[in-house]
Structures are given as structure tokens and as C-alpha cells.
1. Restricting to segment 7-36, count the residues that are among the charged types (D, E, K, R) and either outside any helix (DSSP H, G or I) or over 27 Å from Thr144 (Cα atoms) (or both).
2. Out of (1) hydroxyl-bearing (Ser, Thr, Tyr); (2) in contact with a strand residue (DSSP E or B) (Cβ under 9 Å, 6 or more places away or on another chain); (3) within 24 Å of Arg346 (Cα to Cα), what's the single condition that is false for Tyr167?
3. Could you run through segment 286-307 and say how many residues are modelled with pLDDT of 95 or more and outside any loop (DSSP other than H, G, I, E, B)?
4. Among the numbered criteria (1) surrounded by fewer than 21 Cβ atoms within 10 Å (Cβ to Cβ); (2) in contact with a Gly (Cβ under 6 Å, 6 or more places away or on another chain), which single criterion is violated by Pro303?
5. What about Ala312, is it crowded, with 23+ Cβ neighbours inside 10 Å, among the small types (Gly, Ala, Ser) and modelled with pLDDT under 90?
6. Only one of Ala69, Ala47 is over 21 Å from the mean Cα position of the chain (by Cα) and surrounded by 18 or more Cβ atoms within 10 Å (Cβ to Cβ); which?
7. Just need a number here: residues in segment 347-378 that are within 17 Å of His282 (Cα to Cα) and either of a type in the set (S, T, N, Q) or surrounded by fewer than 17 Cβ atoms within 10 Å (Cβ to Cβ) (or both).
Amino acid sequence: MAHATLRTGYAHLVDRLNRHPQGAPPSKLLYRILAILFSEQEAALVARLPIRPFTARKAGHIWKTSADAARQTLDQMADRGILIDMELQGQTHYCLFPPMAGFFEFSLMRIRDDIDQQLLSELFYQYLNVEEDFIRELFTRGETQLGRVFVNESVLPVEDALQVLDYERATAVIKSAAHISIGICYCRHKMSHLNRACDAPQDICMTFNSTAYSLIKHGVARRVEVTECLDLLGRAYEENLVQFGENIREDVNFICNCCGCCCEALLAARRFAFCKPVHTTHFVPALDAGHCKGCGQCVAVCPVEALALVSANDPRHGRQKIARLDPETCLGCGVCARNCPGRNVRLQPRPARVIPPLNGTHRAVVMAIERNCLQDLIFDNRVMWSHRAMSALLGAILKLPPVKQLLASRQVKSRFLEKLIQRLPA
């Protein structure tokens, strides 16, 4: 009986995860991961929680217990980085972030002995890097992706620096954040348990605002001030790490400093480049072929293999090589420009600027539209029969060709939704 209950609890949790635009495809490996992170009872309880932020009172009502008892359970899970708590309108709200960027990362953002991090790392590697279904689902469905790349501000020419908007600058995100925390890089920590990690620093994963507040409060990450965070950003530049952050303009919650060998986002960018799994910067390198010496420095540091050495086709020097760029693969990070000894790589603006969603709510709604799960965001309380029925009804309506075409239009997903969200109460 206990075995059946456990399977049922985790099955419901997997179903709950996959109602969010960023889900987790079912797999034996996923069930093993969840069994490490959640107890049997927690899996059953969390499976019943809403997708949108909720209070302890709301959780207590769903679980048929008191608000105080629910709060104690929720706080215990927040202590382990499963849930995030935040202050909204003077009340503490809780939220189950999706696996990435969320409780998968939080489980390895610190050294801990209450779970087997070695085993967890091995399972993560198999689930994310071998099976690939999770990464493919996360990074290649729809036009709107989880994250985007920030340009390396240190290599921007003065005239182009003026074209960089504040939301495109990692420095602006850091300086404007209400809270800043630093944790261990999940990706390199995971790889270190498999003896695959590179030498890039691990204590450099940046979180901001409400997420940082919760991670600091529960000891998942440490609080830092603006100056230290900017120093860490400078170190990331020196280490040729790429800044990959939340794909929104306001209240960015994370910026990872990524290497091309360990980090999931850049590995996905390399494996699934044709699907555009990561939003690029507004810039692309321009290579001065006439002065390129073919040293290969830019090729060696490119995190997504967007550069290669090819023949210079010089009849006087038949073995001469020059660098060539694949602009479709390029992230526009600027690491190549930083490393060219002859300064023959210059960043220039792309033809068109892609505007990220306004905030996390805007991005979640747009992703839900693109992934055909908007009904699950609107009718969020699966405990209520009426919500389940209305969700099914709306899901059927949204699949009708005229409605689907309207929602898929760029105007609805960007301007209309942005104006609507801006009118919502804070």
C-alpha cells in the first residue's frame, strides 16, 4: 500500500510540474530525482498547490489543515530550496519554481549533507545530458525562452555602448537589485561530482530581488553588496564566462556566469542551435578578415563553437588561416572580442532588436500561449472541480485555429499583454 501511495504522490507531482510552461518530461530518472528532493508526503502535498504564488492560508485550505501547520511545512521546504517565499502586498507568499531555473539548481547551490549530492548530480547528468528530453522541452519549445545572454560590456566600443539599454546590461541589473545573493554554480558543482568540471570559479552564481531574499533567508545562498557582485562580474569577464540571465526586462531574478563545457544553457545552445534555445544579445561580432592572423584565440574561447578557422585562400600563403563566424549560432556575448590579440573582432548591432517580456508574469503567460497550457495558468486550483472543468473547456477553445492564430500573433504576445500586465495591481 505504501509503495502504491508513493507512486501516486510522485505521479501527481510530475503532472503538477508539467502544467507549468517549463515542465519536466516523465522519466524513471525524474522519479528518482524527485524521491531525493521530496518526501512521499511532500510530493503529494506539493502536487496540489497552485502554480501561481499562494499564502500559507491558501495551502492550509487546500490541505485541509490550519494555516500555522501549513506554514511550518512550507517553511521546511523553503529551508531546503524546494519553495521560494516572498513578500507580496504585506503577506508572505510561497511559490514552487519550475525545475529550471528553480529547485533543481537550488539543490546544488550550497554544500549540504542532508541529501546525497553525488547521487543527485549523477541523476541530473543522466536526465539532462544523456536523455535530453528535458533540455529539448525546456529550450526548444516556442519562440520565447527562459533566458537570454548579456553582452560583455567591457568590449563594447564607446559609440555602441550608448545603444545598450539598461535591461541588456548585467551591471544595471546588479545596481538596481533590491537583494543580491551568491551561490555555488549548479552546473559546475554537478560536473565536479562526475569529475567533469572545468577550472572556472563555482562561487559565482548570482540571484536577485525576491529570489535572492528567500535564498539568503534560508541559507541557500549568501548575501552580498553591489560592490562585491560587480567584482565577481569582473572576474567572470576575466574567466571568459558568459552571462546568461532571466529573459525579462524588470526584476531579473538570476544571472549565471556560464562556461561552454558545463552549463546547461550553453550546452543546449550548441546542441540545438537551429532551434534558437537561448536569446542572443543585440550584438554580433564583425571580423576584420584582412588583418586576422589565424591565431585561433577567438575560436578557442567561443562557448558555442560559432567560430572556426578556415583557409584564407591566399595564393602567397597557402596554409594561412582566418577566423570565420556562423552568425546563426553566435550568442553575441563578446568573449571573442575580448580575446583577439590584434583587436580585429568588433561587436556591431544586429539588424533587429528582440524585446524581452516585461517581467516574469508576462513571460510565463507568453510561454503558456506558445506551449498550449494557458488554461492551466488561468484555472490554477486543481483541487476545485470547477477549475478542472473550466481548464479543460478553455484548453479546447484555445486549440481552435482562429483563437490559436490570434494568440500566436506577435502583437497579442507583446504589446497587448504587456499593457494588460502593467495595469495589474502590484
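1. So the answer is 4.
2. (2)
3. 6
4. (1)
5. When the stated conditions are applied, Ala312 does not pass them.
6. Details: Ala69 fails: surrounded by 18 or more Cβ atoms within 10 Å (Cβ to Cβ).
Unique residue meeting the criteria: Ala47.
7. Qualifying residue count, segment 347-378: 8.
The values are calculated or read from the model by the stated rules, or taken from the named source; none is laboratory data. Values in this document were obtained by computation on a predicted structure and should not be read as measured data. Virtual Cβ from ideal backbone geometry, glycine too; neighbours counted across all protein chains shown.
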